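The values are calculated or read from the model by the stated rules, or taken from the named source; none is laboratory data. All figures in this text were calculated on a predicted structure; none of them were measured in a lab. Here the Cβ is made from the backbone with ideal geometry for all residues, glycine too, and neighbour counts use every protein chain on show.
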Amino acid sequence: MAQGFALRVVTDAPATTEPATGSRPAPDPPRVSVIIPTFNRAPYLARALDALREQTLAASAFEVIVVDDGSSDDTAAVLARAWPLALRSVRQTNQGPAAARNAGIALARAEIILFIDDDVVPAPDLVARHLQAHAEPGRVVIGRMAPPLGRQPFWAEWELRTLERQYAQMVGGIFEPTPRQFYTANASVRRADLERAGMFDVRYRRAEDVELAYRLEEGGATFVFLPDACVLHDTPRSFSNWMAMAGQYGQYDVLLSRQGGRRWTLDILAEEFVEARHPALQAVARLTVGHRRRSAAVRRLAPLAIGGADALRLRRVALAGCGALFNLLYWHAFCEEFGGRVAFWDAVRTSRATRALSAAEAAK
């Protein structure tokens, strides 16, 4: 797996007020459209664009479309530079990543759409590998987000390690790629398949990629994981933003479970709770999830304990604490959105019973 390619950082330029298109448009329709939504991450966006200059695929074979989702920093200045890319940009009022990606798709000229985030650094062969993977139609191609060089904050390291475990399990054949691994920090789809699925749902401000992936799967798409289609993921997310993200995933997973007859997603939650979470974490969850005061205490005290462990160089303890805290915040938000403690735990018990009955019948 590619992992150790170099990061190149471009310094900021003075701000301008107008977004600009690139100075070298491709003379023929490109084969790949790389779409990057961005919001107030000018230095990271510059770094991503700088890496796209180094692609092994000819610059005329792909275009880059940046959708500025209402940034108030130096994003316009970054886009105004004379990048040696077929670069186009558009600015919109802040509407979230789903709306931004839809705007990018509307501008795209290529058949293959490659989504990356503004906080990643693409490997030099990223675009070429995604293009090659679409030799067969109907594929949804998932690339790898690799850890960046250097030590990361404990919450970022936990997130990246969690991804690495999933990648290793897919490579090892433990499970096949699913919509739950479709992260638009590094993924590609044919434009026709996106349009047939109905594009991104703009109601989602988080998990909009996974929600779309379920619709792609329902339309017959095949999911493929390419471990060598790699980006470095060096997120600027703070600890408080990381905690908020856990709750957002819980809220939007409730919406997902209510759409399109997908109540079976509750079965996944129940299975993971029982089979993939430590008994001690399950016990804490039963004591706190759905209880606002107890959950508030967890939200207040757990970060102090985790941060203290990291300060004492007990990184393994801090990482374990991150896993527990993320799950508790996710479950509590899911519970609140789902309708409260009684409804939530009843649903978990019902889903467990349904899965057990199905397994017993299948074994007959």
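Answer yes if at least one residue in the stretch 115-136 is closer than 17 Å to P179 by Cα and buried (at least 19 other Cβ atoms within 10 Å of the Cβ), and no otherwise. Yes, the stretch 115-136 contains at least one residue that is closer than 17 Å to P179 by Cα and buried (at least 19 other Cβ atoms within 10 Å of the Cβ).
For (1) farther than 30 Å from A128 by Cβ; (2) touching a residue at least 40 places away in the same chain (Cβ under 8 Å), each residue gets a yes or a no:
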position	(1), (2)
A197	no, no
L216	no, yes
A221	no, yes
L226	no, yes
G261	yes, no
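Against the numbered list (1) among the hydroxyl-bearing types (S, T, Y); (2) modelled with pLDDT of 90 or more; (3) closer than 24 Å to R203 by Cβ, S257 comes up short only at (2). Selection of the stretch 44-83 for residues being out of contact with any Phe, Trp or Tyr (no Cβ under 7 Å at 6 or more places or on another chain), in a helix (DSSP H, G or I) and either within 24 Å of A128 (Cβ to Cβ) or among the hydroxyl-bearing types (S, T, Y) (or both) yields Y44, L45, A46, R47, A48, D50, A51, L52, A59, S60, A61, T75. Can you find even one residue in the stretch 48-63 that is surrounded by 18 or more Cβ atoms within 10 Å (Cβ to Cβ), in the same structural domain as V210 (by TED's automatic domain parsing) and within 20 Å of E208 (Cβ to Cβ)? So far as the stretch 48-63 goes, yes, one or more of its residues are surrounded by 18 or more Cβ atoms within 10 Å (Cβ to Cβ), in the same structural domain as V210 (by TED's automatic domain parsing) and within 20 Å of E208 (Cβ to Cβ). Scanning the stretch 148-202 for residues that are under 17 Å from the mean Cα position of the chain (by Cα) and small (G, A, S) yields a total of 4. Of the residues examined, V224 is not one that is at pLDDT 95 or above and under 22 Å from A42 (Cβ atoms). For the stretch 145-169, the set of residues classified as in contact (Cβ under 8 Å) with a residue 60 or more places away in the chain and basic (K, R) consists of R161 only.
Among residues of the stretch 296-320 that are within 16 Å of A246 (Cα to Cα), those with a beta-carbon under 6 Å from a residue that is in a helix (DSSP H, G or I) and among the polar types (S, T, N, Q) at least six positions away or on a different chain give the pairs V298/T288.
Within the stretch 263-277, not a single residue is of a type in the set (S, T, Y), assigned to a helix (DSSP H, G or I) and out of contact with any Asp or Glu (no Cβ under 7 Å at 6 or more places or on another chain).
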